[in-house]
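Remarks on the structure that follows.
The values are calculated or read from the model by the stated rules, or taken from the named source; none is laboratory data. Computed from a prediction, not measured in an experiment: that's the story for all the values here. Reconstructed Cβ throughout: ideal geometry from the backbone, glycine too, with neighbour counts over all protein chains shown.
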Amino acid sequence: MMSSQCAPRSSRIYNMSAAIYQATTSVSQQKRNGTRSDSRIMPLSFPATKEVLWNHEATGPVTYGHLTYYKNVKIALSEQTLHLAQRYAQESKVERFQCLLIGSVSVDSDCEGVVLTLDRFDPGTPTPEGISPSMDMPGEIAVPFTVIRKGCVRPHSSSVEYESSIKFLQKRCYSKAKIELCQFVSLTGHCFIQNDAKQTHIEVDGISVATHLKYTPIQSVPIVPTALSKNLAGPMNLSDVQGEPKTGYLTMDHTRKLLLTLESDPKVHNLPLVGM
């Protein structure tokens with residue numbers, strides 16, 4: 001695997017076996033006819049077979065990958081951020097004050113759960129679709145947050161908020177943008193203030209994709225030695241130097257050796273892929 005974090009991109013690798021077979025059949029037919037479908041030169045020749053490309057026999061226990069497969073998502077909200085949101089709500093003199101809480105998503109040390117840390121308040125910018133962050137930074141998550149100052153009804157997320165969250169996740173799953181963990185979880189928060197801010201009730205609803213990945217250890221498959229593979233195996237790899245995980249895809253050459261390609265490599269749109 002090329003990344004310490006895994007995010008679902010099922011729309012790109014759906015029906016992988018059929019896609020690989022169709023691609024190899026098309027290439028073989030073009031060779032027999034002496035024609036090419038376009039002027040692009042493929043950098044490698046994929047194995048001309050629809051059979052298994054490696055030994056699928058498991059060599060160890062199966063593990064699963066999903067944001068909530070082993071643990072629920074943990075939320076850490078700083079007290080300073082909450083007090084700032086409450087102060088803005090009191091100064092606005094409206095019963096329902098809407099804002100944003102900005103934070104980041106990280107993985108537990110045991111790699112069995114994720115932690116959402118909300119440590120920044122953002123009044124946001126009103127838009128027709130809702131409130132947008134004043135500054136959109138990569139790797140950050142913006143949680144819509146409503147502070148209710150009066151009334152006795154406990155806040156709950158509306159059907160419109162759930163529908164908006166589902167559309168957001170669907171858009172991210174089909175996007176060609178860089179994979180980031182924060183893009184596959186959508187949260188909405190409510191804060192209910194009672195007795196002149198002496199009592200505060202906070203409720204957070206979250207939605208994530210249902211797809212989970214199943215990891216089965218198998219016998220090692222040879223890797224084509226390239227500059228990228230050597231860099232990832234070395235002590236000064238791209239992830240350590242740039243301080244962020246790298247994601248990519250796996251293809252295969254005619255000798256059934258894996259070739260690693262970065263997600264940003266334009267060749268991934270032309271090559272048959274066997275993994276990520």
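Does the stretch 203-230 hold any residues that are touching a residue at least 60 places away in the same chain (Cβ under 8 Å), farther than 19 Å from Ser165 by Cα and touching a strand residue (DSSP E or B) at 6+ places or on another chain (Cβ under 7 Å), and which are they?
Listed by number, the residues that qualify are Leu213, Lys214, Tyr215, Val221.
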By residue number, the members of the stretch 53-87 that are surrounded by 14 or more Cβ atoms within 10 Å (Cβ to Cβ) and under 26 Å from Glu129 (Cα atoms) are Ile75, Leu77, Thr81, Leu82, Leu84, Ala85, Gln86
Hey, among Ser175, Ser220, Ser239, which residue is outside any helix (DSSP H, G or I) and under 17 Å from the mean Cα position of the chain (by Cα)?
Ser175
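Take the stretch 165-186 and flag every residue that is of a type in the set (S, T, N, Q) and surrounded by fewer than 18 Cβ atoms within 10 Å (Cβ to Cβ).
Passing the criteria: Gln170, Ser175.
Can you find, within the stretch 242-266, the residue that is nearest to the chain's Cα centre (by Cα) among those that are assigned to a strand (DSSP E or B) and either surrounded by fewer than 16 Cβ atoms within 10 Å (Cβ to Cβ) or not β-branched (Val, Ile, Thr) (or both)?
Gly248
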Check the stretch 187-204 and report whether any residue there is surrounded by fewer than 17 Cβ atoms within 10 Å (Cβ to Cβ) and modelled with pLDDT of 85 or more.
yes
Could you list, in sequence order, the residues of the stretch 267-276 that are more than 17 Å from the chain's Cα centre (by Cα) and either in contact (Cβ under 8 Å) with a residue 24 or more places away in the chain or loosely packed, with under 13 Cβ neighbours inside 10 Å (or both)?
Lys267, His269, Asn270, Leu271, Pro272, Leu273, Val274
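Can you say whether Ser104 is hydroxyl-bearing (Ser, Thr, Tyr) and crowded, with 16+ Cβ neighbours inside 10 Å, as far as the supplied structure shows?
Numbers: hydroxyl-bearing (Ser, Thr, Tyr): yes; crowded, with 16+ Cβ neighbours inside 10 Å: yes.
In short, yes.
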